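Here's the structure, in structure tokens; my notes come after.
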């Protein structure tokens, strides 16, 4: 999410995340679908550790998909706070369009000293549906809102010489393709079906 516009949040994406979850499982032509859930908010105030690893106890496949997508999105935003520290293999599938995009973005941002300004805004994501395609592939539909400011950090650590790189406020309807990699759901690609600037089309409570 770029002609100086960035997204993954609409992902992922060092943030403090508050998650409210709800909804019920439905069966639709053999696919497992999770009905609309509560909001997930990501605020750039702190950068907690959010390891993206599978656990010993097997999870329901839909619940694991929801949890891994949320972790992927949280880590993406950690990457935007500190691109030089980003490990793109944690959230993107090998040999995928998403892996290639993240590698380039993280490299370009690191070289130019571009990063998300801590405390500048929020990244909100709502999972609208989770579709299990087969044992290795799935699709996640989301609505997201992003008001985080990206800056050129300048030559010093002080924010006083920061230059605004991207301060667009936007909301998105997005579809994410996911695949299992070493027991973890990771992103292979994403598309946005509708983008609106300076409007929250998701109806988040801020």
For segment 80-123, averaging the sequence separation of alpha carbon pairs under 8 Å that lie six or more residues apart and dividing by its residue count, the contact order in percent is 52 percent
Rounded to one decimal in nm, the spacing of the 7 Å Cα→Cβ label points at residue 112 and residue 62 is 4.1 nm
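Need the full-extension length gain, residue 120 to residue 193, defined as separation in residues times 0.36 nm minus the C-alpha distance. One decimal, nm. Provide the component values of the computation, followed by the final result.
Details: separation 73, 0.36 × 73 = 26.28 nm, distance 2.62 nm.
Residue separation times 0.36 nm, minus the Cα-Cα distance, leaves 23.7 nm.
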Pseudo-spin-label distance residue 152 to residue 136, built 7 Å along Cα→Cβ, given in nm, is 4.4 nm
Row for segment 60-206, column shape: gyration tensor on C-alpha, a ≥ b ≥ c, rounded if a/c < 1.5 i.e. under 1.5, prolate if a/b over b/c, else oblate; value oblate
Once both label points are put 7 Å beyond Cα along the C-beta direction, the residue 161-residue 95 separation in nm becomes 4.5 nm
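Only the coordinates and a few stated rules stand behind these numbers; no lab work does. Everything quoted here is computed from the prediction, not taken from an experiment. So basically every Cβ, Gly included, is an ideal-geometry build from the backbone, and we count neighbours across all protein chains shown.
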